[in-house]
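Taken together, the values in this text are just the output of simple stated rules run on the coordinates, not laboratory data. Because the structure is a prediction, the values reported are computed rather than measured. Here the Cβ positions follow ideal geometry from the backbone for every residue, glycine too, while neighbour counts run over all protein chains shown.
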Amino acid sequence: MTTQNDLLLVTSSPHIHSPDNVPNAMRDVLLALLPALLCGLYFFGLPALGVIVSCVVSAYVSELLCLKAMGKEVRITEQSAAVTGLLLSFCLPPALPIWMAALGSAFAIVIVKHLFGGLGQNVFNPALIGRAFLLASFPVAMTHWSKPLDGVTTATPLGILKEATGQPLPHLSELFIGTVAGSIGETSAIAILIGGCYLLYRGHIDWRTPVSFLGTVFLLTAVVGTIKGGGIQYPLFHLLSGGLLMGAFFMATDWVTTPVTKLGRILFGCGCGSLVVLIRLKGGYPEGVAYSILLMNVVTPLIDRYTKQRVFGGGQSNG
Amino acid sequence: MSLMQEFTKGIIKENPLFRLVLGTCPALAVTTSVENGLGMGAAFTGVLLASNIAISLMRSIIPASVRIPAYVVIIASFVTMTDQLMHAFTPSLYKALGIFIPLIVVNCIILGRAEAFASRNSVLPSIMDALGMGLGFTIALGLVSAFREVLGAGSFLGIQILPESIPAILMILPPGGFITLGCLLALLNKLQKKYAW
């Protein structure tokens, strides 16, 4: 009976089925995050595991509760909550108390995602707002960094650069591999690049955003480096340190909160890059990737509006 | 409407902050602690009561074409008096509320009650209206500030009830005000639909 009804049912387009649905895309993102996850676990050990697990579990539970409370269909297979939780945990310090991590994750899902309408409706990147919320709420715990492998308290590379404490700056190869202090999933440049390339290969993200983002940072810091006499070391240091690579590949390419047009994505990347350099060199914080992306999230509708393509055959405005 | 109804309507059914969504500027700015919230509510109620009485008494002699400037002058006189009284008797509260005491002059609830109620009703209903609206606003400010103080500073009326490391400082910063007010509005809308006030 039902089969017959199904056969007679004519749904609206698209009629062609493709494996590119949200669960598959989310699984690819999780796969792409795997190298950074393994590096984080190897470098920071058990405390990092605690933060990651509490973030993911809290995001998952918050998602379920929100869907239930709002009477929406529970489609947890989309794994999007897990991705948000995982991304948030990657930009938190490894020694953060796990209840704070869980709180930030719940905040990201409940306030930033579901109160704005749920999957696909949020204005801001939930993971980054989760981080901003935690940084504003618990400034001491959120700036407590530890060295990889031995857990000794130390400053991040960008912190050393900002405070000019006289501590030696880490070598570029250390930044590349990830044996420096920093957030759980952001220290290892190579791991993030592998994940980012996988996403590019699978076609989930557009090369324009990371290229224009990283390119802007590189160009601006190269100019500053030349003036200061830092040479090629200086822009490369900025490129590899902090959350820049993670932000450029995984946050600034978020499908929901960033522009959809090609030109818009380039503008978005350039805007993010300029803001990062501005905050790092002139602002009060050592790192500004999260805020730069959040600020550009705000202007995303505007960018989309001014870069949309003219409708073919729509005529010219001047007649 | 009976006098009692004029009084009670301001508390829940027409609560100025939660139902009419007026006066949100002071509600967001001064609700960082319960003491500030209730202090603001008291100052507000005093000004509203006095201005409602004065405007109700003068409603037949104020020309309709210049009524808004006339209301503002009357309200400003009472605000100036309140400002000076608070400066003299509650200096710490005066300092904490700062610019938001003089700003009661342009508080939309007070101007709104003058225009919508006191200018069309006799003195006794106007008094009841002012008391009800004042109490409603004070309760609303108290509720918002209670959430913010407990979550953001871990204290209630200045008494520490949570360990120092737990409170999320964000809640007593401006974003905390917006989040708290937004969530409370949503919750009350939900309750209103459920119980059909």
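What to note about this one:
- Of the two radii for segment A:55-105, the radius of gyration is 1.03 times the Kirkwood radius, both from the alpha carbons; that is the Rg over Rh value.
- For the peptides A:281-291, B:144-154, residues were scored by their other Cβ atoms within 10 Å and the scores averaged per peptide; the highest-first order is B:144-154, A:281-291.
- Ordered from longest to shortest, the equivalent ellipsoid semi-axes for segment A:141-246 are 24, 20, 10 Å, each the square root of 5 times a Cα gyration tensor eigenvalue.
- Note on segment B:118-197 and segment A:188-262: Cα centroid distance 44 Å, given to the nearest whole angstrom.
- If you wrap segment A:19-99 in the convex hull of its Cα atoms and look at it from every side, the mean projected area works out to 5.7 nm².
- For segment A:42-115 versus segment A:116-177, the gap between their alpha-carbon centres in whole angstrom: 18
- The listed peptides B:16-28, A:120-132, B:113-125, ordered by packing as a protection proxy, come out as A:120-132, B:16-28, B:113-125 (highest mean of other Cβ atoms within 10 Å first).
- Dipole magnitude of chain A, debye to nearest 20 (Cβ charges: Lys/Arg +1, Asp/Glu -1, about Cα centre): 620
- Range of Cα positions in segment B:72-127 per principal axis (Å), largest first: 38, 20, 16
- Taking every alpha-carbon pair under 8 Å whose residues sit at least 6 apart, segment A:179-294 reaches a relative contact order of 31 percent.
- Of all aspartates and glutamates in the structure, those lying under 20 Å Cα to Cα from A:K282, and not within fewer than 8 positions of it along the same chain, are A:E163.
- When segment A:149-209 is reduced to its Cα atoms, the Kirkwood hydrodynamic radius in Å: 13.3
- Under Karplus coefficients 6.51, -1.76 and 1.60, residue-wise ³J(HN,Hα) of segment A:193-206 in Hz, glycine/proline x: 4, 4, x, x, 5, 4, 5, 5, 4, 7, x, 7, 10, 8
- Considered as an equivalent ellipsoid built on the Cα gyration tensor, the protein assembly as shown has semi-axes of 50, 30, 24 Å, the largest given first.
- Divided by 2.2 N^0.38 Å, where N counts the residues, the Cα radius of gyration of segment A:183-319 comes to 1.15.
- Order of A:D150, A:D254 under a 10 Å beta carbon neighbour criterion, fewest first: A:D150, A:D254
- Prolate/oblate/rounded label for chain B (Cα gyration tensor, a/c 1.5): oblate
- Mean ellipticity per residue at 222 nm, deg cm²/dmol - from DSSP H runs of n ≥ 4 across chain B, formula -39500 (n - 2.57): -21000 deg cm²/dmol
- Taking other C-beta atoms within 10 angstrom as a stand-in for reagent exposure, A:I184, A:I111 fall in the order A:I111, A:I184, fewest first.
- Ordering B:E6, B:E35 by the number of other Cβ atoms within 10 Å of each residue's own Cβ, fewest first, gives B:E35, B:E6.
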